[in-house]
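Peer 1: I'd like to ask some things about the structure below.
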Amino acid sequence: VDIIVDNPGFELVTDLALADHLVASGVAREIRFQLKSHPTFVSDALEKDLMETIETYAALDESTYPFAKKAGQRWKSYIDNKSWTCHENSFWVQGAAMWEMPDKLSKDLNANCDLAFVKGDANYRRLLGDRYW
């Protein structure tokens, strides 16, 4: 399962919660986070944002945030055991339509992705070809 990540902050936390559920429930063995290689907009999520979010949750005070801390520790274990992997690509910050995806990325997704969660207004528009913003 691939999650095309859009924004850091609360939206990224919900991506992590979804990925957690998919792995913990056995629906997916591996989650691949497709992240942006650099920010085009201030709200673009990079691998470092994902890793910092996981580290922040894992380091929370257990007496104050017991469930969030346990989630962070679980998320960290998924990264450590490679159930979750991060993949940055400059395609996610460009204005090309999804059908104009570079061959290398397209082949990777075709070979390794059975289901993709595509989020964000720009990605939605890229799926439809409505890129004139």
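The values are calculated or read from the model by the stated rules, or taken from the named source; none is laboratory data. Computed from a prediction, not measured in an experiment: that's the story for all the values here. Positions of Cβ are generated from backbone atoms using ideal geometry, with glycine treated the same way; all protein chains shown enter the neighbour counts. Areas reflect the complete protein model, heavy atoms only, side chains present, ligands, DNA and RNA absent. Shrake-Rupley method; radii C 1.70, N 1.55, O 1.52, S 1.80 Å.
Peer 1: Which of the residues spanning segment 101-123 are exposed (fewer than 13 other Cβ atoms within 10 Å of the Cβ) and under 15 Å from Phe91 (Cα atoms)?
Peer 2: Asp103, Lys104, Lys107
Peer 1: For segment 60-90, which positions are open to solvent by less than 80 Å² (accessible area, probe 1.4 Å) and among the small types (Gly, Ala, Ser)?
Peer 2: Ala68, Ala71, Gly72, Ser77, Ser83, Ser90
Peer 1: So is Ala17 open to solvent by 40 Å² or more (accessible area, probe 1.4 Å), farther than 17 Å from Val5 by Cβ, aliphatic (A, V, I, L, M) and outside any loop (DSSP other than H, G, I, E, B) or not?
Peer 2: Here the answer is no, as Ala17 does not meet what is asked.
Peer 1: Something else now. Search segment 1-14 for residues being part of a loop (DSSP other than H, G, I, E, B) and touching a strand residue (DSSP E or B) at 6+ places or on another chain (Cβ under 8 Å), and hand back the single one that is surrounded by the most Cβ atoms within 10 Å (Cβ to Cβ).
Peer 2: For segment 1-14, the residue satisfying everything is Val5.
Peer 1: A further question on this structure: Condition check: open to solvent by less than 30 Å² (accessible area, probe 1.4 Å), in contact (Cβ under 8 Å) with a residue 12 or more places away in the chain and assigned to a helix (DSSP H, G or I). Does Leu35 satisfy that?
Peer 2: Answer is no for this residue.
Peer 1: Something else about it: Within segment 39-59, how many residues are in a loop (DSSP other than H, G, I, E, B), open to solvent by 40 Å² or more (accessible area, probe 1.4 Å) and either free of Cβ contacts under 8 Å to residues at least 24 places away in the same chain or in contact with a Leu (Cβ under 7 Å, 6 or more places away or on another chain) (or both)?
Peer 2: Adding up the residues that qualify gives 4.
Peer 1: Got a number for residues in segment 39-90 being among the aliphatic types (A, V, I, L, M), over 21 Å from Ala24 (Cα atoms) and in contact with a strand residue (DSSP E or B) (Cβ under 7 Å, 6 or more places away or on another chain)?
Peer 2: Number of matching residues: 2.
Peer 1: Scan segment 85-133 for residues that are touching a Lys or Arg at 6+ places or on another chain (Cβ under 8 Å), aliphatic (A, V, I, L, M) and part of a loop (DSSP other than H, G, I, E, B) and jot them down.
Peer 2: If the condition is that a residue be touching a Lys or Arg at 6+ places or on another chain (Cβ under 8 Å), aliphatic (A, V, I, L, M) and part of a loop (DSSP other than H, G, I, E, B), then Ala96, Ala97 are the ones that fit.
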